[in-house]
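The values are calculated or read from the model by the stated rules, or taken from the named source; none is laboratory data. All values derive from a computational prediction rather than experimental measurement. Note that each Cβ is placed from the backbone with ideal geometry, even for glycine, and that neighbours are counted across all protein chains shown. Ligands, DNA and RNA are excluded from the accessible area calculation, which covers all protein heavy atoms including side chains. Shrake-Rupley method; radii C 1.70, N 1.55, O 1.52, S 1.80 Å.
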Amino acid sequence: MGNHTGFMQYERKAQPERKPMERIRDWNDYTAPIHDKDAQIQGARCMSCGVPTCHVGMEINGVTTGCPLNHLIPEWNHLVYEGKWREALDRAHAKNNFPEFTGIACPAPCEGACVLGISDPPVAIKSIERAIVEKGFEEGWITPNPPKFRTGKKVAIVGSGPTGLAAAAQLNQAGHYVTVFERDDRVGGLLTYGIPEMKLSYQVVKRRVDILEQEGVTFKTNTEVGKDISVKVLKSEFNAIILATGATVHRNIEVEGNQLKGVHFAMDFLHQNTKSLLDSNLSNDQYISAEGKDVIVIGGGDTGTDCLATAIRHNCKSLTQFDIYEKKGKERDDATNPWPQYPIIHRVEYGHKEAASSLGKDPRAFAVMTTKFVGDESGRIKEVHTINVRNKIENGKKVREEIKGTEKVWPADLVLIAIGFTGPEQYLLDQLNLERNNNSTVKAAYGEYKTNVDGVFSAGDMRRGQSLIVWAIHEGREVAKECDKYLMGESDLP
């Protein structure tokens, strides 16, 4: 610990954001890496706790606290403070193949578990992580490192999201021939088509994918396993298969009118927008436009916020986001949400700031439940009907009570449903005769990742259900180790 009083001397400073009214005019990154000096000062705020909890990923009451990757956070914080950037990069890569992805797109449960956060704003861990990896690219320290030998074993990985990419990186380093199958036209899964460009640029994803290709990983895009290539061929040509397709079945709102024109799933909206943006800078019109429309986003999570930011850039007429829960407080409730749990508090994210700046107010409506959609004579959405609700716990179960007299009708030309996913698509699982859990995810024990079919493994959201990018990378690394053991009898993979 180089600075024993740094946490008392310096204030928290995270990566800077461009001004909302400036950034909504383009699709460029709305943030920038923190400056080197600021990162060093933030590193000085790390207390080097006797028992740090930032790097111990666990779930408390169903919510992740600390980093599931078991990142060596205090170590690289200290190294950055001392200006030892190359050593810090080595420590960042020791547990995470892609610190640039998590340094941008992770909700940072590590910061929620920071000991300093008990009484003060936590260390800006996520910002330091991003600064480390960007320094690595700038200095030319991150270069292809092909394995020195090949085992002759071949592994097929289905899905190129963070789980599939992490598994591919690890197994390739173990010397196996790895082929990643992706049904979309670009690699990255939800990293590419689920997170908007202004939040995580495709060039950031491609930069790392290019390195993996140079290291020997083969990527086959526009190839859907089970349709474009049969599972029989896969099983005959590869020694092992890892399924990492994610949980991509949308959760729908089961109310009247949910099939009306103009009602879309959020991920369809985001996927089409990014594809059109990357293909033609939106000139081909192959996307769902919010321009000039009254837009309703149903769902208060990150995906809903991404829809806000995208609709604002389309120049929508109005914008409202429904959150089924009541507005939370600015500080955590120590009685119900004590440290080191992830703080369940009211947050103003980038999309909320942009909507407030552009349209004059925070777009959120809290404790609002949709009761029905109403369309016009042509079958197109024109209204959303809602009622306010009261959320409470009765006999240990969540109960939602409708509040009479709070009914409301909202004008709507475009409705985006952003309430999560129910599990993986089933056709591939059916073809492989895989056993499933009650929630339709693949049955494969955590830590083992073996399915009921010999040589077939599953990890990430496909196995655990919708989760965080850090869990995805964690399981990708772990399933790689288990697959390596299956192929070789033992494994040296970290």
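Tabulated data
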quantity: Loop sites in the stretch 247-302: GluC sites (Glu not before Pro), DSSP, at most 10 other Cβ within 10 Å; calculated: E254
quantity: Sequence of W410, W339 when ordered by accessible area, the most exposed leading, probe 1.4 angstrom; calculated: W339, W410
quantity: Whichever lysines have a C-alpha closer than 17 Å to that of K261, once near sequence neighbours (fewer than 8 apart) are set aside; calculated: K293, K372, K382
quantity: Ordering of 374-381, 187-194, 48-55 by packing [mean C-beta count within 10 Å, highest first]; calculated: 187-194, 48-55, 374-381
quantity: Between the stretch 200-259 and the stretch 393-472, the alpha-carbon center distance in angstrom; calculated: 17 Å
quantity: Coil-residue chymotrypsin sites (Phe, Trp or Tyr not before Pro) of the stretch 399-494, DSSP, other Cβ within 10 Å capped at 16; calculated: Y446
quantity: By average C-beta atoms within 10 angstrom, highest first, the peptides 266-273, 281-288; calculated: 266-273, 281-288
quantity: Residue-averaged [θ]222 nm for the chain, counting only DSSP H segments that reach four residues, each worth -39500 (n - 2.57); calculated: -9500 deg cm²/dmol
quantity: Positive-pole candidate from S160, Y325, W141, dipole of the chain, charges at beta carbon; calculated: Y325
quantity: Residue-level accessible surface for K328, protein heavy atoms, 1.4 Å, Å²; calculated: 70 Å²
quantity: Solvent-accessible heavy-atom area per residue, rounded to whole Å², over the chain at 1.4 Å; calculated: 44 Å²
quantity: 10 Å beta-carbon shell around D120, net charge (K/R +1, D/E -1); calculated: +1
quantity: Within the accessible area of the chain (1.4 Å probe), percent carbon and sulfur; calculated: 47 percent
quantity: Reach of K398 by Cα under 20 Å, taken over aspartates and glutamates that are not fewer than 8 positions away in the same chain; calculated: E59, E254, D323, E326, D333
quantity: Heavy-atom accessible area order for R477, R91, largest first, 1.4 Å probe; calculated: R91, R477
quantity: Within the stretch 201-236, GluC sites (Glu not before Pro) in DSSP loop having at most 13 other beta-carbon neighbours inside 10 Å; calculated: none
quantity: Under 20 Å from the Cα of K135 - aspartates and glutamates, other chains or at least 8 residues apart; calculated: E17, D29, D36, D38, E75, E82, E87, D90, E100, D210
quantity: Debye, to nearest 20: dipole size of the chain, +1 on Lys, Arg Cβ, -1 on Asp, Glu Cβ; calculated: 280 debye
quantity: Considering only the chain, percent of DSSP beta bridges that pair antiparallel, nearest 5; calculated: 45 percent
quantity: Per-residue SASA entry for H314, accessible area with 1.4 Å probe, Å² rounded to 10; calculated: 20 Å²
quantity: Global form of the stretch 42-117, assessed from the alpha-carbon gyration tensor, a/c cut-off 1.5; calculated: oblate
